[in-house]
Amino acid sequence: MWNVTTFICILIGASIPFGLIDGSLATGLVGATTSLGLLASLTAIRPGELSFLKSVAGPAIAAALVPMLWIVLQMLPLPALANPVWKFAGETLGVSQTGSITIDTGASLGALLVWLSFLSVMITAVAIAIDARRADRVARSVAATAAVAGLILLSNSDPLKTWLGAASAARDETANGFLLIVLTGVPFSLARALDGGGGHGDNRTQARLAQLRRLFATSALLCAICACWYGRRGAAIALAAGIALVLMTFAARKLHLHRWSSAAAAAAIALIALATAVANRHPDVPLAIAFADAPAELVQSTHNLLADLPALGSGAGTTAMLASTYMDWQGATTRPVVATSAAALIAQFGSAMFWTLLAVTVAGIAAFTVGARNRGRDWSYSAAAAAVLLTLALAVFTLPELPALPGVIVLGAVIGTGLAQRISRPRLQAG
């Protein structure tokens, strides 16, 4: 299992080079390497660990299969559900077109491969992180990768430009992808720093543990600064929520607060934040773009795009193909963007599937938070997973569409370690 642990750590670090390679080539490389990692982890796992993996990861895997099946359904030739664009194309060309829900089958196939890569990394991380010492090695790889991604963001930032402030200035797509890694790394590194940085019977001295805590804290601070510098207010809002959840979990454990007291405090803070957000929302637009930190022109053109799309979505690649028609005011850009990631996901999956995924995410946040309250010294993994999900759930409403590929490996590793450490093995076996 040590070789598998090394492999996943290298794979996490490789999320930086993968983000610098051409999109289609990087997608193929990620899919191939994550499949090898999954095969290696399932081959090397012990029988007792395999049964534990099924117990803790089964529901999460089942939930994650739903979007995958929906992407497959979108690619199938279903004339009754086909996107209207196929009918128009058939009439224009004078031929019969057997259309599908998606308007770009190739892009949907790429999205399917990215989602399968996320599942592979998540399952591999669960198999590795069942052992706390191996989980600690993965945690250090995640923190280091997030710090490097933060430095890349810092090097690509321009303090004279605002976030999508100039219509002709589009952010670098590669750096946008690294923003997802940085948003993931902040609450994860912070939770590990508060948890003590590790130490599981491996003869570490107190000085070594203190050094690890400082390294995790430094990674969290660096990533937070870089994300707020690059992502502006939208990233700051999302990060504030994730950091607050980690700190509340830590305080509740230290003060031995009853879970209902913690829930009441969290609900009060959430209501205050919601009231503040509602007071600053864009008027007369859907919820998916109401909190965008973007110019009014971008919000309105995104609203027009969503209003013209079918309820079932138009598959992956929708914004790349259609956004230029609605966003022509942005000028000659390599890839026109929409106001929020939520709008991009609704365009791809449809509103019903998007809100279903959001509800599943909220349920995951609650499950991980409860797991963090019930755990011992390894509470940070579950707390970090909950905080990361909360951060990303808010980021999709405040940040524009972000390329998913660079962050897939890191996000899968974080969620996987959270699942593996949410419930202790002795307690589960006793139950």
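The values are calculated or read from the model by the stated rules, or taken from the named source; none is laboratory data. Predicted model only: the values in this text are computed from it and were never measured. All Cβ positions, even for glycine, are placed from backbone atoms using ideal geometry, and neighbour counts span all protein chains on display.
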Of all helices (runs of 4 or more DSSP H) fully inside the range 361-431, the set with 1 or more residues that are modelled with pLDDT of 90 or more is 379-398, 405-421
Evaluate the following for Leu73: is it modelled with pLDDT of 85 or more, loosely packed, with under 13 Cβ neighbours inside 10 Å and farther than 30 Å from Cys9 by Cβ?
no
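Each row is one residue, and each column tells you yes or no for (1) on the phi < 0 side of the Ramachandran plot; (2) more than 17 Å from the chain's Cα centre (by Cα); (3) of a type in the set (Val, Ile, Thr).
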{"residue": "Ile365", "(1), (2), (3)": "yes, no, yes"}
{"residue": "Val370", "(1), (2), (3)": "yes, yes, yes"}
{"residue": "Arg375", "(1), (2), (3)": "yes, yes, no"}
{"residue": "Ala386", "(1), (2), (3)": "yes, no, no"}
{"residue": "Val408", "(1), (2), (3)": "yes, no, yes"}
{"residue": "Leu411", "(1), (2), (3)": "yes, no, no"}
{"residue": "Ile415", "(1), (2), (3)": "yes, no, yes"}
{"residue": "Ile423", "(1), (2), (3)": "yes, yes, yes"}
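Listed here are the residues, each with its yes/no results for (1) more than 22 Å from Ala235 (Cβ to Cβ); (2) surrounded by fewer than 24 Cβ atoms within 10 Å (Cβ to Cβ); (3) among the polar types (S, T, N, Q); (4) touching a residue at least 60 places away in the same chain (Cβ under 8 Å).
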| site | (1), (2), (3), (4) |
| --- | --- |
| Arg375 | yes, yes, no, no |
| Trp379 | yes, yes, no, yes |
| Leu390 | no, no, no, yes |
| Ala395 | no, no, no, yes |
| Glu401 | no, no, no, yes |
| Ile409 | no, no, no, yes |
| Ala413 | no, no, no, yes |
| Leu419 | yes, no, no, yes |
### Message
Any residue that is among the aliphatic types (A, V, I, L, M), at pLDDT below 70 and more than 26 Å from Gln348 (Cβ to Cβ) - is there at least one of those in the range 83-98?
### Response
yes
Note on Gly234: of the conditions (1) more than 19 Å from Leu389 (Cα to Cα); (2) among the small types (Gly, Ala, Ser); (3) within 22 Å of the chain's Cα centre (by Cα); (4) at pLDDT below 90, unmet is (1)
>> Kindly evaluate Ala307 against the criterion of being out of contact with any Phe, Trp or Tyr (no Cβ under 6 Å at 6 or more places or on another chain), farther than 23 Å from Gly177 by Cβ, part of a helix (DSSP H, G or I) and at pLDDT 80 or above.
In response: yes
Restricting the range 195-221 to residues that are modelled with pLDDT of 90 or more and over 19 Å from the mean Cα position of the chain (by Cα), the one surrounded by the fewest Cβ atoms within 10 Å (Cβ to Cβ) turns out to be Thr218
In the set Thr5, Thr33, the lone residue that is closer than 26 Å to Leu151 by Cα, at pLDDT 75 or above and surrounded by 15 or more Cβ atoms within 10 Å (Cβ to Cβ) is Thr33
Only one of Gly350, Gly317, Gly313 is surrounded by fewer than 21 Cβ atoms within 10 Å (Cβ to Cβ) and at positive phi, namely Gly317
Within the range 135-171, of all residues that are assigned to a loop (DSSP other than H, G, I, E, B) and polar (S, T, N, Q), the one modelled with the highest pLDDT is Ser157
